Structures are given as C-alpha cells and as structure tokens.
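Below: the structure, in structure tokens.
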Amino acid sequence: MPRVFSGIQPSGELHIGNYLGAVQNWVTLQRHIRRCFCIVDYHAITVAYDPAALPARTRELAISLLAAGIDPNTATLFVQSAVPEHTELAWIFNTVTPIGELERQTQFKDKSGRQESVMVGLLTYPVPLQAADILLYSCRFSCPVGAGSGPAPRALPRDGSALERALRERCAVLFPSRSRC
C-alpha cells in the first residue's frame, strides 16, 4: 500500500478552509492509503512567530485533528520536532543542495519579497526539510496544503535535475530502508 505524508503548520486554529481543503480528505483517505500526518512545527518557525504560543498551538492542532476524525488506529499523527531525525536528515540535505536550487523556489521569492528581514530557514527549508519529511517515512508522495506548501511536490523531483541527482547520489546510503510510520 502506498504511503503518503501530509503536514500542517500550527500557525493558528484549524478553520473551515483547513477542514474543507485538507482534513476532510485526510479523514476519508486514511482508510484507503497508509497515511503519515504531521504537525510541522519546524516549518512554522521559518517566518516570524510567537515562541510562547507555539507549544499550545501545536497541542490544540493535534486535538482538533483527532476531533475532526483522524484515527490513530489507521493513520500516524505526530509532531515533527518530536522526531530528531527530521533535522538530522535536513542538515545532510543542506550540505548537498546547491543554493541556486533553493533561490529559484517560488515560495522563497514570494515570501522574501514581502519581508524586510529574511530568515535563512525560509530559504533552506523547502527542499531539505520537506525532502527529509518524505524520505524519513519512505513515502511515495507528499500532499501540500495551502498556499505556503507549493514546493513540497518538488522536494524530491524525479526530472533528472541537479538537485535530484545530488540528493539521490550523495545521500543514497542514508535513505531509510524501513518506514517509521
């Protein structure tokens, strides 16, 4: 059965747009496809945020996802920062990812153009952190949610690009053979 990774940022309360755009489908699909649902709190810190509010938002989002119908008996729900391998694998990908590939990401161009001071994490997270999300769980697919998720399907392009070759050739020995999810 194919495995799919979907993440959602704890950047606010779960609202009707989240529910209709993603969560409703997650609830339905969890019965047919092996799903890894992740609260991507590391993704949430790439732009300005309230550090004191993040733990509560993360907990509230987990409760909301369970209340919306995510079933821990048929799907895996977890918090990204609780799994240190996310940042470990992201660091490895950072060391082999050409900066030009990162600077061409649409999301970086869009968000950095609207900020006076741009965080390095905004530049580096789309490929290394999202690729780590997918590969850590041996997922075939990543399902982006919302306008801020554009680069996710390109996190591991299968188009022969320099980035794909770098990640696959330089890191092949590190790709997990078993899933954690």
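Quick rundown of the values:
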quantity: Meets criteria (at pLDDT 90 or above and under 27 Å from residue 21 (Cα atoms)) for residue 112; calculated: no
quantity: Qualifying residues in region 115-146 (those that are under 26 Å from residue 3 (Cβ atoms) and surrounded by fewer than 16 Cβ atoms within 10 Å (Cβ to Cβ)) - the one modelled with the highest pLDDT; calculated: 140
quantity: Any hit, region 1-17, residues being in a helix (DSSP H, G or I) and at pLDDT 85 or above; calculated: yes
quantity: Output for region 49-95, where each listed residue is in contact with a strand residue (DSSP E or B) (Cβ under 6 Å, 6 or more places away or on another chain), modelled with pLDDT under 95 and among the polar types (S, T, N, Q); calculated: 76, 80
quantity: From the options 20, 14, 29, 54, residue that is surrounded by 18 or more Cβ atoms within 10 Å (Cβ to Cβ) and farther than 15 Å from residue 125 by Cβ; calculated: 14
quantity: Members of region 89-98 that are surrounded by 13 or more Cβ atoms within 10 Å (Cβ to Cβ) and outside any loop (DSSP other than H, G, I, E, B); calculated: 89, 90, 91, 92, 93, 94, 96
quantity: Residue list for region 113-122, filter: part of a helix (DSSP H, G or I), without any contact (Cβ under 8 Å) to a residue 24 or more places away in the chain and within 29 Å of residue 59 (Cα to Cα); calculated: 120
quantity: Residue list for region 33-87, restricted to those being outside any helix (DSSP H, G or I) and touching a Leu at 6+ places or on another chain (Cβ under 7 Å); calculated: 35, 37, 39, 46, 47, 70, 77
quantity: Test: residue in region 35-45 that is in contact with a strand residue (DSSP E or B) (Cβ under 9 Å, 6 or more places away or on another chain), surrounded by fewer than 21 Cβ atoms within 10 Å (Cβ to Cβ) and either over 16 Å from residue 18 (Cβ atoms) or modelled with pLDDT of 95 or more (or both); calculated: no
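The values are calculated or read from the model by the stated rules, or taken from the named source; none is laboratory data. Because the structure is a prediction, the values reported are computed rather than measured. Positions of Cβ are generated from backbone atoms using ideal geometry, with glycine treated the same way; all protein chains shown enter the neighbour counts.
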